[in-house]
1. Which of the residues spanning the stretch B:253-269 are modelled with pLDDT under 90, surrounded by 18 or more Cβ atoms within 10 Å (Cβ to Cβ) and more than 8 Å from chain A (Cβ to nearest Cβ)?
2. Checking the condition in contact with a helix residue (DSSP H, G or I) (Cβ under 8 Å, 6 or more places away or on another chain) and within 30 Å of A:Asp181 (Cα to Cα), which residue from A:Ala106, A:Ala92 passes?
3. Please return the ranges of helices (runs of 4 or more DSSP H) entirely within the stretch A:341-437 where 2 or more residues are among the hydroxyl-bearing types (Ser, Thr, Tyr) and surrounded by fewer than 17 Cβ atoms within 10 Å (Cβ to Cβ).
4. If B:Leu283 meets every condition in (1) under 30 Å from A:Ser311 (Cα atoms); (2) in contact (Cβ under 8 Å) with a residue 12 or more places away in the chain; (3) in a helix (DSSP H, G or I) apart from one, which number is that one?
5. Take B:Arg233 and decide whether it is closer than 18 Å to B:Arg90 by Cβ and basic (Lys, Arg).
6. Name the residue that is nearest to the chain's Cα centre (by Cα), counting only residues in the stretch B:171-214 that are hydrophobic (A, V, I, L, M, F, W, C) and closer than 19 Å to B:Asp115 by Cα.
7. Going through A:Asp181, A:Asp147, A:Asp158, A:Asp133 one at a time, which residue ends up being charged (D, E, K, R), over 30 Å from the mean Cα position of the chain (by Cα) and closer than 30 Å to A:Ser54 by Cβ?
8. With (1) at pLDDT below 90; (2) touching a strand residue (DSSP E or B) at 6+ places or on another chain (Cβ under 6 Å) as the list, and A:Ser54 as the residue in question, which single condition is left unmet?
Amino acid sequence: MFAYYLELAVRSLRRSPGLTALMMLAIGFGVAASMTMYSVFRGVSADPIPWKSSQLFVPQIDPWGPGHREKGEPPSALTYIDAMALMRRHRASRQSAIIPMWRSIAQPRSGQSDSLIDTRGYAVYSEFFPMLDVPFHYGSAWSADDDARKRPLVVISDHFNQQMFGGGNSVGKTITIDKHDYRVVGVVRYWNPQPDFFEGLQFRVDEPDFFVPFQFVVANHVIESMGSTCNNGRDLGAGLVALLSSECIWISYMVELDNPDAVQAYRQYLDAYASEQQQLGRFHWKPNNRLRDVPAFLDYKDVVPSNTRLSLLVAQGLLAVCLVNTVGLLLAKFLRRSGEIAVRRALGASRAATYAQFLTEAGLIGAGGGMLGLMFTAIGVLCVGEVMPAQLAALARLDPSLLLLTLLLAVAATLLAAVYPAYRASRVSPALQLKAQ
Amino acid sequence: MNVYPILIALRRHKVSVILIVLQIALTLAIVANAFFIIGHTIEHMTRPSGLQEDGLIVILQKWPGLSGVDGDALTEKIDALQRTDLETIRNLSDVQDVAASSQENAAGEISLDADRKGKFARAGYFYGDEHLRPTLGLHLIAGRDFFANEIRHGEALPGSSVVIVSKTLADQLFPHGNALGQTVYQDGKAAAIVGIVERLQTSMGEDTNWEFNSVMEPLREDVLWTAYAARARPGRTTEAIGEIHKALFAVKPMRHMPEPWAGIHSFSELRARSFREERGIALLMGVICLILLSVTAAGIVGLTSFWVGQRHRQIGVRRALGARKIDILLYFQIENLLIVGSGAVIGALCALGLNTWLMKHYEMLHLPLFYVATGVLAMLVLGQIAVLTPARRASNVPPVVATR
């Protein structure tokens, strides 16, 4: 029966090629616009560490009090005092304080300023690497002992390794950052989660270049107060010593908690810590802490750029208009054939059969629109770099699941659009129609 | 022509009419907002900054950590390096003028009294030496440039005794036009207005009421990140950029210009780059609007064609009863006007509703009624054009059809 309906549908569509093309084009454009924008949105809103994100948490402690809260929320970074307290007590299975470092590093041997390399690095604790499953190519992370002894060690990326040493196993070599020499202990395989959820929450084309021990960096005063926010709304400017004892926030922090009990325990611990600070007279307010896992934290911080969401919204609007358009045209097209319907019904076709016949026809239009949509989506994803910033456009990928989804969306949307027109067609009264002819 | 019979006839196609009205309303709601985004972007990109952009070159660089010196000694060392650079650039054949300039301008408040009790205005700050005004190509409409001996150097702190302000700021503080020579206060410190420039856009006050409130201070900022502005001789911008690069690295190779945000660039290049994302979004909105309008127009053509086919006999009867071709044509045009008109009215409300929602959830400005009105008009015209072909075909139905 289906084959027969298909034959009828093809015949009907070929009878009005203009209208058929118009409907298919509209579906194709609507679906392609939505799917292109969805591919960007999907890339941008994807979980940066899907296998572990529900075990990674960002603690927030309120060091400023009610007057400085936005919607009751504590700030998203920690003060040095709080970060160190959390590190010392070590209540999670793994944890690390994290601060970004932007450095221009000279290539060894050259000494020429022309060969300075701009790098993005982080000062972290040894547990940072196993906590975030950072993959190593050569060597390994430094140890907790190295942290405590404040040893000048560095873990570098493959890319930075290429730039500095031309690749290969560079463990044991030395890199000079500012005035200190750091010994390479590990080289990381390509690792560039998007966004950089552990610090910054930005989308970046290039992976992080190096990691150095947090305690060494702080003890040797080689970080600047850049990036700190203070409750008087200003940069401290004055330098590191003042910053370390200040209530300014500048440290990102991440903990790993393996099960709900551990999460609960950590929450209680944070509240106990804040109460303790309250008793000590440092905080003059009740504990106002947060402990969000990575997806919740990214959601809270609105990492998806509003332009990306707006574009998706507009594209979906286009799809909606295209669908309304299809409903109207299908209705016209189906009812034009009232005579034909009447004859089929008079010859014994049931209402359900008529319904099935018209849905088949709509499905065929949907499939055609889907094919066009696939083509337009492919073009759209290739051209998305023209209208979106490079670091976002790079996240839009054409993969089998996207293509399948495009096709499905086209067919499903067209069938949905056909529900009412097919219903109307199946309700055509045979006697009346036949008499009128 | 009487509208009543048209309305009666439309009642027989309720669903189709509702669908087309809905489609037009949705289209208008989206297109009005999208065009507003496009219009705003274009207006933004073409808003004159007051600078003479052609031939303007911006240089931004970092001195790598100057070991062994800090505090005042560091300031003096950087100042010496800056002065050498400026002298070097000034002597190049393709360079007309060069000035010390600040990497980034800061914003602050400027008031008529020391305690900021009375009138005050927010403004963007430009630090630079006596060459900055001519190098940027700002039009001095009153007063004078800074004198060389007025230029301070060091960290960017208020305290200059003289300032040059933009006309917008001068008019805001002194509505009677007597700003020149007056004393103003910044952070409690007094400064005399010695010059007024016609127009100078700040980089921070975008879309605010202080977008063109600018203050120029005679200060060579001595920080590790230093910036210069240079003006190339007419038509020699590219050559000048190459020359400056060569000369600077020849005089001192230990300097750092991390691309893309530092280095030596023509101002127009930087400007184009900073508008890239905004331009992209506008382009995207444009493409989507184009598809949207085409789909809607095609939908009107399709639906009207169907109606014409359906009413073939009726049209024949009307023609046989004495209706002229023009009457039939008008019938369809007016019918379309009614449908599109009601769709447009609903769409206008939807556009405003959508705009309110967008303002709440996205960085969107208030949609001016101009865009809504233009949108309504555009939809009406689009509808009339789309219906023309099917209506023509209807008017060509011969009266003899009635007898068949």
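The values are calculated or read from the model by the stated rules, or taken from the named source; none is laboratory data. All figures in this text were calculated on a predicted structure; none of them were measured in a lab. Note that each Cβ is placed from the backbone with ideal geometry, even for glycine, and that neighbours are counted across all protein chains shown.
1. Passing the criteria: B:Met257, B:Ala262.
2. Selected residue: A:Ala106, the only one of A:Ala106, A:Ala92 that is in contact with a helix residue (DSSP H, G or I) (Cβ under 8 Å, 6 or more places away or on another chain) and within 30 Å of A:Asp181 (Cα to Cα).
3. In the stretch A:341-437, A:400-426 are the helices (runs of 4 or more DSSP H) which contain 2 or more residues that are among the hydroxyl-bearing types (Ser, Thr, Tyr) and surrounded by fewer than 17 Cβ atoms within 10 Å (Cβ to Cβ).
4. (2)
5. In short, yes.
6. Ranking the qualifying residues of the stretch B:171-214, first place goes to B:Leu173.
7. When all the criteria are applied, what remains is A:Asp147.
8. (1)
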